[in-house]
Every structure is written in C-alpha cells, then in structure tokens.
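J.: To start, I am sharing the structure in question, which I have written as structure tokens.
The values are calculated or read from the model by the stated rules, or taken from the named source; none is laboratory data. Model, not experiment: these values are computed from the prediction. In this analysis, Cβ positions are derived from the backbone assuming ideal geometry, glycine residues included, and neighbour counts consider all displayed protein chains.
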Amino acid sequence: MTTHNHFLPYTRWPKELAESYRAKGYWRGEPLTAMLTRQCELAPEAMAVICGERSFSYRELDAASTRLAARLARQGFSVGDTALVQLPNVAEFYLVFFALLKVGIAPVNALFSHNRLELSSYAEQIKPRLFIGSTAHPLFTDGARQSELLVEIGAELVLLDGEAGELGLAHWLGELDVDGATSPAFGPSPADEVAFFQLSGGSTGTPKLIPRTHDDYLYSVRRSNEICELGPHTRYLCALPAPHNFPLSSPGALGVFDAGGAVVLAPDPGPMSCFPLIERHQVNLCSLVPPAVSLWLQAAEADPSVRAQLASLSLLQVGGAKLGEAVARKIEPLLGCRLQQVFGMAEGLVNYTRLDDSDEKIIHTQGHPMSPDDEVRVLDEEGNPVPRGEPGALHTRGPYTFRGYYQSPAHNARVFDSEGFYCSGDLVVQDADGYLTVVGRQKDQINRGGEKIAAEEVENQLLHHPAITHAALVSMPDSTMGEKSCAFIVATEPGLKALALRKFLRSRGVAEFKLPDRFEILDALPMTAVGKIDKQGLRARIAQAIAGDSLPVTTV
Ligand code: AMP
Ligand code: DBH
C-alpha cells in the first residue's frame with residue numbers, strides 16, 4: 001500500500017450513516033479491483049472481454065492492467081492523482097479503468113461523443129496529470145499531440161490508443177521491458193475515498209462531476225447483480241457508451257466482472273452491429289436506451305427471421321429515458337426476451353423492475369429502488385410529501401447516492417436539502433407498492449433519447465454568436481428520440497440559418513448530440529411574471545407547431 005495521503009476531497013456521508021452502511025455489509029472496505037483479483041483465483045482462464053476479434057481472459061485483463069499500473073507508478077503516479085480518459089467501446093476502456101484504480105488514480109471517463117468543450121471543462125475541474133485518448137477520435141488523429149486542446153488539458157503524460165511507439169497506449173499495456181527498472185509499490189485508494197468521477201447529465205453551464213467511492217459503487221454493482229441474477233453464465237452486450245453509469249454499473253460490465261461472466265463490446269447500439277454479435281457470442285443480457293429499442297423492434301418487424309439471431313437473449317434492460325408503453329409491450333413478443341425497466345442516475349439511486357414482477361409493473365413503471373436503505377421522498381413545491389399516486393419531486397439519499405458534486409458548493413446548496421437528500425430534478429409518481437413512474441422533470445435539461453443536454457450550457461455557447469442576443473433551449477416531442485432540442489433565439493441580424501448556427505457551435509467544440517435539432521427566431525423571448533424566461537410557454541409553442549397547430553414560429 002502506498003504511504004501517500006493526498007486524498008481527493010469529496011462530501012462524505014455523515015458518520016452514523018456510514019457506520020450503519022458498513023454494519024449492514026453494504027460497504028465492505030474493498031476496492032473495485034477486488035473483483036478482478038477474485039476472478040483470477042476462481043477462474044483465471046474464463047473469458048472476461050470480447051472486442052472484435054480480440055478476447056481477454058480474467059488473467060489477461062488483470063495482467064495487462066497491472067502492467068499499465070506498474071508503468072504509471074514508475075512514472076511517479078500515485079493515490080490522489082487524476083486522469084482524463086476518452087476511449088470508445090474497446091477492451092482498452094476496462095484495461096485502463098482497472099489500471100488507474102490499481103494505482104489510486106481517479107479518472108473522469110469522458111464519453112466518446114464528447115468534444116473539446118466537455119474535455120476542457122473536465123480538465124479544468126480535475127487538473128489531470130494523465131490524459132488517455134484515442135486516435136479514432138477526430139480531436140486526436142495524427143498530429144494532434146501539438147493541439148491547443150492538449151495544451152489546455154495540461155496533462156504531463158498523454159497516451160493515445162491507436163498510436164505506435166513509446167507514447168502509444170498499446171506499449172504501456174504490453175509486456176514489461178526487461179530493462180530491470182522496478183516499480184515502486186502501488187495500490188488503490190482506500191475504499192472510502194474517491195475511486196473515480198462519474199459524469200452528471202447536468203443542468204448548469206458546466207458539466208458537473210460526481211465523486212464515487214469504491215465502497216458505494218461496488219455496493220451498487222453487487223446489489224444490481226443480486227436483482228438481475230448475474231453469474232458466470234452471463235454474456236452481456238455493452239452497446240451503450242461504456243463509461244455511462246448504466247452499462248458500467250447497473251449491473252453493466254462491472255456487474256459482469258464481479259459475477260465472472262463475459263462482456264461483449266458493440267461499437268454502437270444499432271441492430272446491424274448488435275444482432276450478429278448476440279448470435280455469435282450467445283449474448284443473454286443487454287441494456288439499451290429507448291430509441292435503440294425502437295430500432296431493434298423495427299428490424300425485427302421488417303424481417304421476422306432475425307428473431308433467430310436473438311434466441312440467446314433472455315433479458316433486455318431499458319433505461320436512461322422514459323420508455324413508451326406501446327414500445328414496452330412489443331419487446332417480449334418481437335424480441336423474444338423479458339424486459340426490465342431501469343431508472344437510474346450517475347449520482348446514485350437506481351430503480352429496477354424485478355425479474356418476477358407482473359407484466360403490469362414491468363410495462364407501466366420504472367421499478368423501485370434497489371437497496372432497502374434507499375430513502376425516497378416525493379415532495380410538492382413547498383417540500384411537503386405528496387400522497388401516493390400523486391406526482392412530486394424525487395428526493396433521495398442512501399448507501400450509494402452521492403453527497404455533493406465535486407467542488408461545486410453553490411450548486412450543492414441548491415440540490416441538497418438540510419438532511420442530505422439529493423433533489424434529482426425528476427417528477428415521479430410513487431404507487432402503493434413503492435414503484436416509481438417518471439412523469440416529468442424540473443431540471444433545465446433535455447433528455448434526447450437518454451443523452452442528457454444541459455440547456456444552460458448550449459445557451460451560453462449560442463450567446464457567443466455575434467448576432468444572437470438571447471437564447472433558450474427547450475425540449476420538443478419526438479416520436480423516436482422521445483425529446484429533441486429546440487433553440488429559440490433573438491438575433492440582431494436577419495437570415496441566420498440552422499446549418500450555419502450548428503457549424504458555429506461545432507467550431508466552439510460543442511458535442512454533436514447537443515447541437516439544437518431546430519432553431520426558431522423570435523423578436524423577444526417570453527417572460528414569466530417573475531421575469532424568468534417562460535420555458536414552459538416555449539415548450540408548448542414548439543409542441544403545438546409540431547402538432548400542426550397555428551402558433552406562429554419562424555424556423556430557420
Ligand atoms: P444522468 O444525470 O445523466 O445520470 O441521468 C439521469 C437521469 O436520466 C434521471 O434523473 C432521469 O431524468 C433520466 N432517466 C434515467 N432512467 C430513466 C428511465 N428509465 N425513465 C425516465 N427517465 C430516466
Ligand atoms: O440515465 C442514467 O443515468 C441511468 C439509467 C439507468 C443510470 O445512471 C443508471 C441506469 O445507472
């Protein structure tokens with residue numbers, strides 16, 4: 001174990017609660033890497049990760065991550081350091097993740113869809129000593145080592161997957177050279193310290209980071225495994241972006257590793273990528289967001305013979321955004337597997353419908369909290385509990401729900417109450433059995449088929465345009481994505497075009513999924529009585545326009 005004690009700051013759980021979580025066996029003082037050590041004892045040659053034509057046994061996963069860890073330790077990295085990582089769905093994502101955990105380096109695992117703006121914001125918040133990226137990303141193709149972005153990120157070591165040579169990631173994961181250099185002793189951070197940072201969907205100008213400890217995250221994974229009944233038989237298709245909380249921990253890839261099963265990586269959630277992988281590797285579990293489910297259903301409807309390709313699939317988990325009832329009903333008959341609804345958040349709380357629940361509950365609700373110690377309150381605008389069956393704001397605390405965003409005291413003061421309950425910004429109805437149904441949202445966010453967009457972040461970028469004086473981003477209904485984004489803007493110049501506006505945002509480093517799907521020009525933004533932008537009015541206006549009603553809109 002390392003002797004450093006420069007632990008990363010984070011908001012801890014109160015002592016009494018932490019002790020009770022330990023006493024109940026939720027927090028076991030084990031690092032996330034313990035799952036690898038254990039599988040290496042139980043079944044080292046069992047397959048852990050399948051990525052294209054490559055596969056990694058538990059022994060290989062453990063050994064490669066140890067080699068990278070040892071090299072990083074040799075380089076002077078240790079507990080309390082941070083890293084910024086951006087990799088696509090490749091085996092290296094897990095190799096790197098475990099390697100960093102083994103040295104006590106806490107990573108932010110950015111999504112591959114993230115762009116310059118997100119990466120620089122994360123870097124600014126954690127000041128990473130290490131950056132690991134991929135030459136498959138347009139930002140880091142050949143020659144990017146001199147890029148302004150890397151200067152801005154400011155890491156002293158930059159490793160790129162796909163690059164040859166000494167600074168290529170492959171070299172750092174490869175066999176150790178026989179140069180006699182030994183690594184200093186290294187070990188993970190203590191289980192009640194920050195293991196890594198999870199990403200929040202966000203509702204403010206800057207994307208917020210969620211400190212997750214080994215103890216709390218591992219508990220959420222183990223409890224998920226119990227509910228979803230994972231075991232060495234599990235063959236999980238990771239089709240959503242690997243760093244996302246859902247495919248990482250609910251139970252996701254970490255659940256699979258803890259259970260001794262195998263993770264099969266898909267490059268994207270489309271049926272063309274996934275169906276052949278399911279058949280070839282006899283996948284029995286997969287998690288998807290609702291728009292991907294619709295694509296799968298379309299493919300199965302168009303060609304009933306694809307059902308045969310899905311024969312091994314027994315459970316499809318759906319979450320990240322509200323699953324429509326009509327879509328939910330088609331899953332079992334058309335895809336031949338059971339449905340499980342998952343309503344979770346990177347901040348913590350995860351709800352599951354249970355495998356033995358009635359069809360009624362599975363189709364109509366988003367399940368109930370996974371832990372007996374998840375505390376949920378559904379409150380009205382004055383903060384009083386609403387009766388069961390009535391909609392209200394979801395507040396929660398528990399053994400794996402965080403206590404504060406990283407270094408964001410002002411925002412934390414707004415989203416946590418005096419008892420440490422986190423206000424998720426979701427509007428839910430809780431039924432008599434405690435099952436939750438998501439019915440709306442308070443937070444200023446667009447949920448574009450599971451991809452979250454903080455309105456303020458995009459509005460701030462729009463306001464950098466020389467001809468835009470006011471901007472408001474709101475959701476609009478969309479049959480496939482559930483929601484898309486619409487930007488209402490006030491401009492000093494006529495003739496702005498959507499294409500040019502998107503190009504402008506792209507040039508500022510905004511991720512593709514955050515680019516507004518539609519732009520509307522107004523003479524002025526409508527205001528509420530208290531002088532705030534009337535977003536509800538704007539949402540109604542665009543919904544009506546889409547429905548073919550007559551409210552005037554000026555689409556560009
Ligand atoms: P994030 O902050 O990116 O982790 O996103 C979490 C949010 O996604 C939740 O607070 C909900 O708003 C939304 N969400 C996740 N799962 C579901 C679901 N099954 N149904 C409806 N909304 C969901
Ligand atoms: O949307 C989410 O963030 C989410 C959905 C399902 C999540 O974090 C999870 C399960 O763990």
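J.: Which residues, taken from region 414-452, are within 16 Å of ligand 2 (Cβ to nearest atom), in contact with a His (Cβ under 9 Å, 6 or more places away or on another chain) and more than 30 Å from Lys15 (Cα to Cα)?
T.: Within region 414-452, Thr437, Gly450 meet the criteria.
J.: Can you list residue pairs whose Cβ atoms sit under 6 Å apart, with the first residue in region 291-315 being farther than 23 Å from Val342 by Cα and the second being aromatic (Phe, Trp, Tyr)? Count only pairs 6 or more apart in sequence or on different chains.
T.: Cβ pairs passing all conditions: Val306/Phe275; Gln309/Phe275.
J.: Hey, another quick one. Please tell me if Gly202 is in the same structural domain as Tyr26 (by TED's automatic domain parsing), outside any strand (DSSP E or B) and of a type outside the set (S, T, N, Q).
T.: Here the answer is yes, as Gly202 does meet what is asked.
J.: So, one more: Which one of the conditions (1) closer than 24 Å to Tyr236 by Cβ; (2) touching a Pro at 6+ places or on another chain (Cβ under 8 Å) does Ile210 fail to meet, given that it meets all the rest?
T.: Going through (1) closer than 24 Å to Tyr236 by Cβ; (2) touching a Pro at 6+ places or on another chain (Cβ under 8 Å) one by one, Ile210 breaks only (2).
J.: Which of the residues spanning region 348-395 are in contact (Cβ under 8 Å) with a residue 60 or more places away in the chain, more than 16 Å from ligand 1 (Cβ to nearest atom) and over 23 Å from Asp417 (Cβ atoms)?
T.: Leu355
J.: Could you please find all residues in region 38-61 being under 15 Å from Leu237 (Cα atoms) and of a type in the set (Gly, Ala, Ser)?
T.: Ala48, Gly52, Ser55
J.: Please indicate, with yes or no, whether at least one residue in region 172-183 is at pLDDT 95 or above, in the same structural domain as Glu19 (by TED's automatic domain parsing) and out of contact with any Leu (no Cβ under 7 Å at 6 or more places or on another chain).
T.: Within region 172-183, one or more residues are at pLDDT 95 or above, in the same structural domain as Glu19 (by TED's automatic domain parsing) and out of contact with any Leu (no Cβ under 7 Å at 6 or more places or on another chain).
J.: Starting from residues that are closer than 15 Å to Glu381 by Cα and assigned to a strand (DSSP E or B), keep the ones in region 437-452 and report whichever is nearest to ligand 1 (Cβ to nearest atom).
T.: Checking each candidate, the answer is Arg441.
J.: Only residues that are among the basic types (Lys, Arg) and either part of a loop (DSSP other than H, G, I, E, B) or in contact with a Lys or Arg (Cβ under 6 Å, 6 or more places away or on another chain) (or both): list them for region 519-540, please.
T.: Lys532
J.: Hey, another quick one. When the residues of region 250-283 are filtered to those that are without any contact (Cβ under 8 Å) to a residue 60 or more places away in the chain and within 16 Å of ligand 1 (Cβ to nearest atom), which remaining residue is surrounded by the fewest Cβ atoms within 10 Å (Cβ to Cβ)?
T.: The extreme case among them is Pro269.
J.: Test Arg280 against the stated conditions and say whether it is assigned to a helix (DSSP H, G or I) and modelled with pLDDT under 95.
T.: no
J.: I'm checking my understanding of the structure. Among residues of region 420-436 that are aliphatic (A, V, I, L, M) and part of a strand (DSSP E or B), which one is farthest from ligand 1 (Cβ to nearest atom)?
T.: Selected residue: Val429.
J.: Which residues, taken from region 284-328, are surrounded by fewer than 16 Cβ atoms within 10 Å (Cβ to Cβ), of a type in the set (Gly, Ala, Ser) and within 13 Å of ligand 1 (Cβ to nearest atom)?
T.: Correct list: Gly324 only.
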